[in-house]
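The values are calculated or read from the model by the stated rules, or taken from the named source; none is laboratory data. Quick caveat, the model's predicted, so the values are computed rather than measured. Glycine also receives a Cβ, built like all others from the backbone with ideal geometry; neighbour counts cover every protein chain displayed. For the accessible areas, the whole protein counts, side chains as well, though only heavy atoms, and no ligand, DNA or RNA atoms are used. Shrake-Rupley method; radii C 1.70, N 1.55, O 1.52, S 1.80 Å.
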Amino acid sequence: LEPNTTIAPHIYTAYFNGSASVYVEVPDSPSINPGYITALIWIYQTANLAGSQWTALRKVGQYFVEPGDAGTNYWAFAANIGGVIRRCDTTAPLPINMWHMVGGYNDGNNQCVVVDGRVDRCISASGTITTQSGSLRIGSYSSEVFIGYISAVYLYSRALTDSEIQQVYSSNVLNASG
């Protein structure tokens, strides 16, 4: 994964019905094991989600984008930094039944959660992402599932700047305000 490229930049829209057997899997490879990352995913959540039984994107033991622990319809970006999962939750819940771009990044000093083209919240997270073998899953992982649509996944092997994140958001056809 080159610093300025993405994998799966525009996957077809898929519906995830809350079943652990419904997912998209990307086999393990060096390209999905970066030391730093930006992970952005377009979601259309069709049910209220809260807690640890939900996930939209997960690279086992490394990073994930999922509903957060802060309450119903909050979202989080988390990464394993030096063996510790560092989690950054959104500051407010996201309305359901509409498209949102959610995700986050880790730049070696900070970890930030992103909502609809803007950085929502950051926490201190010094170090690189711990590498672990395993596939990248979209839509479910083990018993953690997603209910709704996922249309695009962007993975970068570096932290994007705020303006680059805004550009990804603005250039996507799912952005109803763009």
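Using just the helices of the chain, give the 222 nm mean residue ellipticity in deg cm²/dmol: DSSP H runs with n ≥ 4 each add -39,500 (n - 2.57), and the total is spread over all residues, rounded to 500.
On the way: 1 runs with 10 residues, N = 178.
Mean residue ellipticity, 222 nm, calculated: -1500 deg cm²/dmol.
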Cα-based Rg and Dmax for the range 67-140, where Dmax is the largest Cα-Cα distance (Å): 12.8, 37
Vicinal HN-Hα couplings computed from phi for the range 37-42 (Karplus, 6.51 cos²θ - 1.76 cosθ + 1.60; Hz; Gly/Pro x): 8, 10, 10, 10, 9, 8
Within a Gaussian network of the chain (alpha carbon springs, distance under 10 Å), most fluctuating of Q167, Q111, Q62: Q167
Segment S133-D116, extension gain: residue separation times 0.36 nm, minus the distance between their alpha carbons: 3.1 nm
P(r) histogram, all alpha-carbon pairs of the chain included - 5 Å bins from 0, percent: 2, 9, 19, 24, 23, 16, 6, 0
³J(HN,Hα) computed for each position of the range 76-91 - Karplus, 6.51 cos²θ - 1.76 cosθ + 1.60, integer Hz, glycine/proline x: 9, 10, 9, 8, 8, 10, x, x, 10, 6, 9, 10, 10, 8, 5, 7
GNM top mover of P27, P67, P93 - the chain, alpha-carbon springs below 10 Å: P27
Theoretical FRET efficiency, 1/(1+(r/R0)^6), r = Cβ-Cβ of S170 and I85, R0 35 Å, to 0.05: 0.70
For L57, distant residues with modelled amide H under 5 Å away: V65, G139
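When every alpha-carbon pair in the range 89-178 is counted, what percent end up more than 23 Å apart? Please list the in-between numbers first.
Values: 1210 of 4005 pairs.
When all Cα pairs of the range 89-178 are counted, 30 percent exceed 23 Å.
Can you work out the accessible area per residue across the chain, with the rest of the protein chains kept in place, probe 1.4 Å, in square angstrom?
Accessible area per residue: 42 Å².
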